[in-house]
Amino acid sequence: MRRIAIAAAATVSVVVLLFSYRTSTDATPVATGRPQPSRPANPPTAAGGDGTFTGDAADTRYGPVQVRITVTGGRITAADAIDYPQESGRDVRINSAAVPELNQETLQAQSAQIDTVSGATYTSEGYQQSLQSAIDQAHR
């Protein structure tokens, strides 16, 4: 009788855990083993005027993200997130790894079509929005 009670309690616990599991509603692809769409062989550059351009701040769930780029010879030569969430220790831990990766992705892609950093989805999306704004300013 005791084994039956333990088995029933375990079953109820598993069912409760399954129903409380929250799935992401984000449509951003995650590493699923499926091939991701490839980028164009010659990505668009930030052609236009040379200089430094600061994108509009993009509001995210955890705070604003703002990107500044430097364009030289029609190419993005520097990309820096000048504002991003740093309110909590979790924000600092996540973004201290994500922001340098996003900056590097920008230099490689030469566009706002960069990969989302796993675990930093909101920062990545805000970064992409602000980056696109900076690129648009460079094209004016």
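Bear in mind that the values in this text are calculations on the coordinates, not laboratory data. The model shown is predicted, which means the values in this text are computed figures rather than measured ones. Heads up, the Cβs are rebuilt from the backbone with ideal geometry, glycines too, and the neighbour counts pull from every protein chain shown.
Listing for the model above:
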item: Potential extension, SER118-ASP50 segment - 0.36 nm per residue separation minus Cα distance; result: 21.3 nm
item: By average C-beta atoms within 10 angstrom, highest first, the peptides 118-131, 84-97; result: 118-131, 84-97
item: Extended-chain gain in nm, criterion 0.36 nm per residue less alpha-carbon gap, ARG140 and THR77; result: 20.9 nm
item: Neighbour net charge for GLY55 - beta-carbon separation under 12 angstrom, K R +1, D E -1; result: -3
